[in-house]
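**Student:** One structure is given below, represented as structure tokens, and several questions about it will come after.
The values are calculated or read from the model by the stated rules, or taken from the named source; none is laboratory data. No experiment lies behind these values; they were computed from the predicted model shown. Reconstructed Cβ throughout: ideal geometry from the backbone, glycine too, with neighbour counts over all protein chains shown. Heads up: the accessible areas ignore ligands, DNA and RNA and are worked out on the full protein's heavy atoms, side chains in. Shrake-Rupley method; radii C 1.70, N 1.55, O 1.52, S 1.80 Å.
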Amino acid sequence: MRGLQNPLPQYLRNFFLWLKSKEFLIFLFFFFVSGVFWILLAIKDTRDTEILIPVRVTKVPKNVFITDGEYDTLKVSVRDNGYILIGYKLDRINDVEVNFNNFYKNDDGKISLSSQDLIKLVKTRLSASSEVISIKPDKMDIYYNHGYHEMKPVAIEGEVKPADKYTLVAKMTEPLSVKVYGSKERLFDIDSVRTEFTKIVDVTDSIRKKVRLKKIKGVKLDPEAVMVYAEADVNTEASIEVPVRGVNVPEGKEMQFTPSKVVVTYVVPSRMQESVKAEDFIVVADYNKVEEGTGQKELAIQIVKTSNLVKRSRLKQDRVLYVVERK
């Protein structure tokens, strides 16, 4: 029975397994050789690719501030042999240097580079055999001034929210304003500087997050990023007694109320509870709603002013007894 289960001796099975593994290794060898051969053919072909080339403004006079375009990146479509293009991809290409003095023409706050100017500069960083097919942007404006700036407030763009049962007690940037360098005409149009969109939610304590400012064409921001600060405090329910006032009472009359004070309940951040005063609220009863001759001695009351520290303020009772008397 054992012979039927193993018709081939062990040494024969090992031999056939060795042949199979040898064939596989030979296959891998020829596959590798053909791959290398294909790559060698491919890199000799002429191809197009897109590369990124940084731009930097140099030789800037001491009394000149570059407000926009000092550092930029060009997207350049290049045609050449494959192995040259691979070199561009593997090696970082040195910055293209724009000599400020070579392009300065008149003191109008801007120097401009045409497509031809950019291509000439780019070619100094490429192989002589490389052909520039296209360049983006196809022109470049570099803005400058002689140090004129104004302070502009920073506005937070995005979403800053407290966690459930918490109130946001502070939301601001550090610093509150930044220097904006640019022409007087350009700065006149800028009311504030906005942050990039930021999302800070479920705040339960204090939090700080560094956020970049949105770029504004033609101006330079200093600093270019700010800290967004948010602070939240847990809500607590509180109450306070507030006197009832009569409104629209005719000349020579006055209204007396029972009770003279009513309880207002509200939600307030716990640390601000002591800052809430009765004077922060106004509760009124309107004489115009008195129904003459009905014998009705109750009048509806309402809150017409609340403290700006609280939310969800409400009356514990909505009616009071009243008496109209002559002065």
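**Student:** With every protein chain kept in place and ligands, DNA and RNA left out, what is the accessible area per residue of the stretch 89-245? Probe 1.4 Å, answer in Å². Don't skip to the answer; put the middle values down first.
**Tutor:** Values: 9420 Å² over 157 residues.
Value returned for the stretch 89-245: 60 Å² of accessible area per residue.
**Student:** If you average the sequence gap of Cα pairs under 8 Å that are 6 or more apart and divide by the length of the stretch 258-327, what percent do you get for the contact order? The partial results should precede the final answer.
**Tutor:** Details: 89 pairs, mean separation 31.3, N = 70.
Computed over the stretch 258-327, the figure is 45 percent.
**Student:** How much accessible area per residue does the stretch 249-327 have, counting only protein heavy atoms and a probe of 1.4 Å, in square angstrom?
**Tutor:** On the way: 5110 Å² over 79 residues.
With all protein chains present, the stretch 249-327 gives 65 Å² per residue.
**Student:** Listed here are the pairs Lys161/Lys220; Lys89/Lys209; Lys139/Lys217; Lys123/Lys215; Lys171/Lys215; which of them are more than 26 Å apart at the Cα? Intermediate values should be presented prior to the final figure.
**Tutor:** Details: Lys161/Lys220 30 Å; Lys89/Lys209 35 Å; Lys139/Lys217 15 Å; Lys123/Lys215 29 Å; Lys171/Lys215 22 Å.
Beyond 26 Å between Cα atoms: Lys161/Lys220; Lys89/Lys209; Lys123/Lys215.
**Student:** Let me ask something else. Can you tell me, using C-alpha contacts under 8 Å and at least 6 residues apart, the relative contact order of the stretch 176-223 as a whole percent? Show your work: numbers first, answer last.
**Tutor:** Values: 35 pairs, mean separation 28.6, N = 48.
Reported relative contact order: 60 percent.
**Student:** Provide the packing ranking of 89-99, 115-125, i.e. peptides ordered by the mean count of other C-beta atoms within 10 Å per residue, highest first. Provide the component values of the computation, followed by the final result.
**Tutor:** Values: 89-99: 13.5, 115-125: 15.8.
Packing order, densest peptide first, comes out as 115-125, 89-99.
**Student:** Can you compute the label reach from Gln256? Point 7 Å from Cα along the Cβ direction, backbone N cut-off under 14 Å, restricted to the stretch 299-327.
**Tutor:** The answer is 321-327.
**Student:** Continuing with the same structure: Within the stretch 148-173, whose backbone N sits under 13 Å from a point 7 Å along Cα→Cβ of Lys199?
**Tutor:** Hits in the stretch 148-173 for Lys199 at 13 Å: 158-161.
**Student:** Return P(r) of the stretch 193-308 (all Cα-Cα pairs; 5 Å bins starting at 0; whole %; ordered from short to long distances).
**Tutor:** 2, 8, 14, 12, 9, 9, 8, 8, 7, 7, 6, 5, 3, 1, 0
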